[in-house]
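Each value in this text was obtained by applying a stated rule to the coordinates, not by laboratory testing. Owing to the predicted nature of the structure, the values given are computational and were not obtained by experimental measurement. In this analysis, Cβ positions are derived from the backbone assuming ideal geometry, glycine residues included, and neighbour counts consider all displayed protein chains.
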Amino acid sequence: MAEATARAPGKLILFGEHAVVYGQPALAVPLTSLQATATVRSSTAGHGIVIEAEDLGLRVALAKAAETGLAKTVELVLARFRMPEPDAVISVHSTIPVASGLGSGAAVSAALAQALATYLGQRLGAATLSALVFEVEKVHHGTPSGIDNTVICYSKPVFFVRDLEPETFRPAAPFDLVVADTGVASPTRVSVGAVREGWERDPQTYEAIFKEIGSITRSARTAIESGDVTALGPLMNRNHSLLQRLDVSSPELDRLVGAALAAGALGAKLSGGGRGGNMIALSTRDSVPHITTALETAGAVRVMHTVVS
Ligand code: PMV
């Protein structure tokens with residue numbers, strides 16, 4: 001094939017971040033308004049693979065990109081199909097902000113892996129693609145739970161427990177979320193590392209918090225599957241306060257959560273690794289504009305509306 005393109009969505013964790021690393025369930029949904037795109041085009045013979053990522057100001061030969069997630073993705077795809085390095089230019093583009101809890105690393109890797117597989121005349125199924133992206137996630141995050149690669153590669157809402165087959169689920173009624181970015185870049189590795197240190201210092205307290213987050217996540221799944229949207233608000237608020245106790249919130253996140261609630265959100269919490277990145281607020285359809293304005297006034301650098309359905 002002379003050219004192949006693939007896309008992958010961003011993601012939002014609704015409940016259970018951090019506790020999921022310790023075996024508790026988490027709920028996450030794809031965020032299709034943001035996407036990573038990869039295109040593979042054949043190039044001059046003898047040049048091997050060149051990777052271009054305009055957004056990151058990057059243009060490098062594969063050999064020089066060693067240790068990056070992009071190179072690792074390419075290596076894993078070639079190894080899987082036992083193919084030699086083709087002569088090709090791979091262009092990667094993403095509208096998902098980096099280090100903001102929206103799954104940018106996993107989405108770029110998923111789009112790249114699928115585009116290269118297609119270029120090679122192959123196809124990666126969701127489970128295989130997810131396992132491959134998980135290997136790449138380890139380069140970025142150290143001890144990822146696997147939720148990012150799973151929700152992004154299946155592109156469906158998932159109820160995820162580490163080391164178990166992911167379960168996809170369907171909301172009985174759609175609901176509206178307003179997503180606001182603090183503008184503070186916060187690598188997941190750092191917040192995951194901080195939680196690990198806290199857990200090593202005081203395992204009993206941390207285990208109890210993880211367990212309570214797990215039970216909130218299970219209740220949230222029941223509420224979503226039965227269309228009881230209003231029950232989700234208090235569960236989000238409780239989940240956020242437990243994340244504060246894990247010390248992964250931040251003044252910026254707390255300010256946005258407070259502003260959303262004051263503007264009439266039914267519930268609000270940080271989403272993803274925390275310490276920066278994004279928060280989510282549950283809203284009725286009518287309140288979306290008002291909550292959006294309140295979040296912008298409170299300092300959000302980007303606010304989006306998304307419907308989970
Ligand atoms: O990559 P983020 O910021 O969406 O965070 C991933 C969620 C964590 O639970 C914090 C880490 C993990 O690997 O599950």
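Points to keep in mind about this one:
- Charge dipole of region 1-80 about the Cα centre (unit charges at C-beta), most positive-ward option of Ala45, His18, Gly69: Ala45
- Global geometry of region 108-166, whether rounded, prolate or oblate, following the gyration tensor of its Cα atoms and the 1.5 cut on a/c: oblate
- Kirkwood hydrodynamic radius (C-alpha pairs) into Stokes-Einstein, region 174-309, 20 °C and 1.002 mPa s, D in µm²/s: 141 µm²/s
- Nearby lysines by direct alpha-carbon distance to Lys138 (threshold 16 angstrom, same-chain neighbours under 8 apart not counted): Lys72
- Spatially proximal aspartates and glutamates relative to Lys64 (Cα-Cα < 19 Å; intrachain offsets below 8 disregarded): Glu52, Glu54, Asp55, Glu75, Glu85, Asp87
- 18 Å Cα-Cα reach of Lys156 towards lysines, excluding residues that sit fewer than 8 places from it in its own chain: Lys11
- Within the chain: Cβ-based charge dipole about Cα centre, in debye rounded to nearest 20 (Lys, Arg +1; Asp, Glu -1): 260 debye
- Electrostatic tally near Glu197: other residues with Cβ closer than 13 Å to its Cβ, Lys and Arg +1, Asp and Glu -1, net 0.
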